[in-house]
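Laboratory data are not the source of any read-out in this text; all were calculated from the coordinates shown. What you see is a predicted model, and the numbers here were worked out from it, not measured in a lab. Here the Cβ is made from the backbone with ideal geometry for all residues, glycine too, and neighbour counts use every protein chain on show.
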Amino acid sequence: MKHLYVALLLLPIPALAQLKIPGRKELEKKAGKAVEQVTKGDAGQSKAGNGEAASGNSAVAIPPEETSSVAKGQINLFWKHIEKMRNHTDENNKQVVYSSGIQNAQMALKNTKTKDANYNTAAMEKALQECQQVYNSLAGGKENLRQQRNETLAATIELFSAPYIYTKAAMNGGGEDVNDEAAILQAMKASNDLLLEYTRRVDEFIASKPEPAMYMSKQPAVADRAKAAEGFIKSAADVYQNYRSKASVAAYQNLVICKTYLENARRVYTNEPALDENLQKINEALTKYGSPEAFMKKMADNLKEYVKKLRMGKPMMSDATIEKVAKADYELMKMSKQAYTVTKVHIVSTWRLEKNVLDIPLHKEVYVNLAIKLADGKCGIAVGWVRQDYEGGGTYGAPRLILPSPLQELPCENLQ
């Protein structure tokens, strides 16, 4: 092209006048014939008339409208926008192209009606409606995809990165009596039922064929959650060695909860080594402790050993008023299913004074041990604090027993 331009400059003016360079009208005429040939050559497409193009994403160009309407420019502009939409194949920005194309086509249609109210726009309106349907389908698909992704992310968080079972399936004690085995086993059953429900929900999650990009983004959090198994193992070991109530079997159940989580998480995060590594550790701990019943038996054995050594603390001071209040208050609290009597109170600490940030006293209190005789002749022991609130001017209110412990049975000789 550059060489042609140079050659033209070198020609004399008379020679330039003799060259037949096609003008704009000739080029448009040739382009129109080319379009017509393509249209006729495609046996699979219906010939468009009065500006109506074949439906679908045809790659065939729509010919210029042959009309004497004064709105011819707007009519041809309309079909240009329709052609652009129908021939667009890039799915990544298809929705944007259709959104813009529909707006432009609507404007061209409106201008057509304004300039020529008698022009038949039925074909134009039909074509525009078809494009609108395509756009609605694209928008609906993207909305459904967005909703599906949000649901996948929410389920991923609830099941794996912040699994609800660690809070909802945790055992809620064993009732008023922390050694009531029936109540404890019932609480454990409720926990296990929630674990079965959790596994069912993971089944549903996998069956939904979730988009990997949505749940894989949470893999680092899943790896951290897997490492929390070490804390559960350490806690269970401490409980097994030192705790005394059967309700402490909750530490064993935490291992079961952790195992359930790890087994289900690795079904989704198959390439996360932390899941397998910690699952092996959890299984080893559960094998060591045996059944929940065996764990509770160890708690009972720990209690027996503790009770053998349990004695009343030596009195640090004597105060008839404090001892009388501790005895009367504990007898009113009904801390046992059978009747009992407090036979002796030992004040086993000196006064402890509590002050606020302004160094003004709030209250003072002493720690007490109480020897107890049950109606069936057995003996027990309990502890608590006797407190007196500061009333100002250097005076304190009436004493009262606070924070009393449950009654713990023990051999009567331990109270001698």
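A few remarks follow.
- Placing pseudo-labels 7 Å out from each Cα toward the beta carbon at SER208 and ASP376 gives an inter-label distance of 5.4 nm.
- Chain lengthening between ALA300 and LYS324 when straightened (0.36 nm per residue, less Cα-Cα): 5.3 nm
- Only the Cβ atoms of Lys and Arg (+1) and of Asp and Glu (-1) were treated as charged; on that basis the dipole of the range 176-305 about its Cα centre amounts to roughly 200 debye.
- Spin-label model distance (nm) - ARG311 vs TYR164, 7 Å beyond Cα toward Cβ: 5.4
- Sparse packing (at most 16 other Cβ atoms within 10 Å of the Cβ) combined with a DSSP loop state is found for the following GluC sites (Glu not before Pro) in the range 72-174: GLU91.
- Dividing the Cα radius of gyration of the range 176-305 by its Kirkwood radius returns 1.05 for Rg/Rh.
- Local charge for MET299 was computed over the other residues whose Cβ lies under 15 Å away, with Lys and Arg +1 and Asp and Glu -1, and equals -2.
- What you get for the range 275-416, charging only the Cβ of Lys and Arg (+1) and of Asp and Glu (-1), is a dipole of about 460 debye around the Cα centre.
- Length added when fully stretched, SER99-SER291, from 0.36 nm per residue minus Cα-Cα: 62.7 nm
- With an a/c value of 1.5 or above and a/b larger than b/c for the gyration tensor axes a ≥ b ≥ c computed over the alpha-carbon atoms, the range 363-416 is described as prolate.
- Cβ-based exposure ranking for MET124, MET333, MET214, in which fewest neighbours within 10 Å come first: MET333, MET214, MET124
- Applied to the range 201-217, the Karplus parametrisation 6.51 cos²θ - 1.76 cosθ + 1.60 on θ = phi - 60° returns per-residue 3J(HN,Hα) values of 5, 5, 4, 5, 4, 5, 5, 6, 6, x, 5, x, 4, 6, 8, 5, 5 Hz, with x for Gly and Pro.
- By the count of neighbouring beta-carbon atoms within 10 Å, fewest first, CYS131, CYS258 end up ordered CYS131, CYS258.
- Three-way shape call for the range 280-416 based on the alpha-carbon gyration tensor, with the a/c threshold at 1.5: oblate
- Considering only LEU195, LEU303, MET214, and ranking their Cα positions along the charge dipole of the range 162-308 that arises from unit charges at the beta-carbon of Lys, Arg, Asp and Glu, the one farthest toward the positive end is LEU303.
- Calculated on the alpha-carbon coordinates, the convex hull of the range 207-257 measures out at 81 cubic angstrom per residue.
- In nm, spacing of pseudo-spin labels at LYS227 and LEU332 (7 Å Cα→C-beta vector): 5.4
- The range 318-388 pair-distance distribution - Cα-Cα, 5 Å bins, rounded %: 3, 16, 26, 19, 13, 11, 6, 4, 2, 1, 0
- Under a 5 Å amide H cut-off, with hydrogens placed 1.01 Å from N, TYR396 pairs with GLU391 among residues at least 5 apart or on other chains.
- Two-site FRET efficiency, ASN120 against ALA154, from Cβ-Cβ distance with R₀ of 60 Å, rounded to 0.05: 0.70
- Violating pairs (Cα-Cα greater than 30 angstrom) within the set LYS334/LYS364; LYS227/LYS304; LYS259/LYS334; LYS189/LYS281: LYS227/LYS304; LYS259/LYS334
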